[in-house]
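Reviewing the structure listed below.
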C-alpha cells in the first residue's frame, strides 16, 4: 500500500515566519533611520582632520624651505586656504576665513556644512605658512 505524503510547510507555519520577520524588521528599522545625520557628522569630522593634517604638513614643508612659497610650500594666511592643500573638491563645505597672521601662528578653524535645516560643524587647528 502506498502512502501519499506531501512534504512542505503548512500555511500557519508560513504566516508565523512572516509575522516573526515583521516583528524583527519593526524593531531594527529605527536603528537605521537616523544614520544619515551621523554619516554627515562623520564626513565633516574627516574633512576637519584632513585639513588640520594638511596644514601641518604644509607648515613642515615651508619650514624646510625657509617659508619661500614654491614646490614644497604653499601660502596659507587664512583658514580657508586649506582647500588648495587638499585633494578633491570640498566646495560643499564652508571653511571660516580666520586670519593666520604669520608663520607658525595657529588658530581654531571651523568647517561647516548645511544640509536642509541642520548645520554640521567641526574644528581643526590651522597654522600659517609661507607668509
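Could you list, in sequence order, all residues of region 79-107 that are touching a residue at least 24 places away in the same chain (Cβ under 8 Å), within 18 Å of residue 50 (Cβ to Cβ) and in a loop (DSSP other than H, G, I, E, B)? Matches in region 79-107: 85, 86, 90, 93, 98, 100. Of all residues in region 1-60, exactly one satisfies the criterion of being in a loop (DSSP other than H, G, I, E, B) and under 30 Å from residue 125 (Cα atoms), namely 34. The set of residues in region 83-99 being in contact with a helix residue (DSSP H, G or I) (Cβ under 7 Å, 6 or more places away or on another chain) and surrounded by 14 or more Cβ atoms within 10 Å (Cβ to Cβ) consists of 85, 86, 90, 93, 95, 96.
Considering region 71-80 alone, what residues qualify as being surrounded by 13 or more Cβ atoms within 10 Å (Cβ to Cβ) and more than 13 Å from residue 124 (Cβ to Cβ)? Give the steps one after another, and end with the answer.
Initially, region 71-80 is screened for residues surrounded by 13 or more Cβ atoms within 10 Å (Cβ to Cβ), giving 72-80.
Matches in region 71-80: 72, 73, 74, 75, 77, 78.
Say whether the condition of being under 30 Å from residue 115 (Cβ atoms), in contact with a strand residue (DSSP E or B) (Cβ under 9 Å, 6 or more places away or on another chain) and surrounded by 10 or more Cβ atoms within 10 Å (Cβ to Cβ) is met by at least one residue in region 62-70. Checked region 62-70: no residue is under 30 Å from residue 115 (Cβ atoms), in contact with a strand residue (DSSP E or B) (Cβ under 9 Å, 6 or more places away or on another chain) and surrounded by 10 or more Cβ atoms within 10 Å (Cβ to Cβ).
Only the coordinates and a few stated rules stand behind these numbers; no lab work does. If you're wondering where the values come from, they're calculated on a predicted model, not measured in any experiment. Backbone-built Cβ (ideal geometry, glycine too); neighbour counts: all protein chains shown.
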